[in-house]
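Everything on this sheet refers to the single structure shown next.
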Amino acid sequence: MKPNFKPQTDLQSIADFAIAHQAENDRFSAFIKEFNDEDIDAKVQELDALISPTISCTDCGNCCKSLMVCLNEQEADRLSSHLKMDRPSFDEQYLEKGSNGMMIMNQMPCHFLQDNKCTIYEYRFEGCKEFPALHLPHFKRRVFTTFMHYDRCPIIFNVVEQLKNEMNFERTQTQ
């Protein structure tokens, strides 16, 4: 990574770039599958550790505005208790339940997002804590999901673009 690296944080620029480079990103997804899992994980985690601190999630909040949040029974119990609500009332107000028992928040942006900040931060769900999940092992297993969020998360976008550079990936020439 260049010493004076300045991350791209403009969401419209990121979204436009993602559209213009879809074929390149598809090629990159295939390209990284040829590399050793541990090497890819180490490089992604290194870039994440360098890039994440340079980007303020509360300046963006786009994940909370545009992603479906899944939660489990324990998380729902914990948050409903914190909110001093009984579970049926909590479920009715905040959740959608699938026939398979899966639960998701019933609104985007998230009910608990205010001024790009989580109002229940200490009680947030595991998926929220993990996102964008670049610090976790098995990056290659999550490439599809990573690219689903590439156009909306400045951290993912910048890590992937730097990863392309570090791996000497042959980029598509654009006009």
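Values in this text are rule-based calculations from the coordinates and carry no lab data. All of these numbers come straight from a predicted model, not from anything done at the bench. Note: ideal-geometry Cβ built from the backbone for every residue, glycine included; neighbour counts use all protein chains shown.
Please compute the net charge surrounding GLU170, taking Lys and Arg as +1 and Asp and Glu as -1 over other residues with Cβ under 15 Å from its Cβ.
Once all neighbours under 15 Å are counted, the net charge is -2.
If I stretch the segment between ARG171 and MET148 completely, what's the gain in nm (0.36 nm per residue apart, minus their alpha carbon distance), one decimal?
Full-extension gain reported as 6.3 nm.
Once phi is turned into θ = phi - 60°, what whole-Hz ³J(HN,Hα) does the Karplus curve with 6.51, -1.76 and 1.60 give for every residue of region 97-107, x standing for Gly and Pro?
Ordered by residue, 3J(HN,Hα) equals 10, x, 5, 8, x, 5, 10, 9, 5, 8, 8 Hz.
Over the residues of region 68-130, compute the C-alpha Rg and express it relative to 2.2 N^0.38 Å.
It is 1.04.
Quick check: the angle from helix 154-166's long axis to the longest principal axis of the chain, C-alpha only, nearest 10 degrees?
20 degrees
Go ahead and estimate [θ] at 222 nm for the chain from helices alone: -39,500 (n - 2.57) per DSSP H run with n ≥ 4, summed, over the residue count, rounded to 500.
-14000 deg cm²/dmol
Can you sort GLU126, GLU73, GLU24, GLU161 by how many other beta carbons sit within 10 Å, fewest first?
GLU73, GLU126, GLU24, GLU161
Could you list the square roots of 5 times each eigenvalue of the Cα gyration tensor of the chain, that is, the equivalent ellipsoid semi-axes, sorted largest first and rounded to whole Å?
Semi-axis lengths for the chain are 33, 17, 15 Å.
Dipole size in debye (nearest 20) for region 68-130 around its Cα centre, Lys and Arg Cβ +1, Asp and Glu Cβ -1?
The calculation lands at about 120 debye.
Report the extension gain between SER29 and ASP10 in nm, rounded to one decimal, defined as 0.36 nm multiplied by the number of residues separating them, less their alpha carbon distance.
4.5 nm
Got a sec? Which residues in region 10-47 would a label at GLU130 touch, if it sits 7 Å along Cα→Cβ and we count backbone N under 20 Å?
It comes to 37-47, nothing else.
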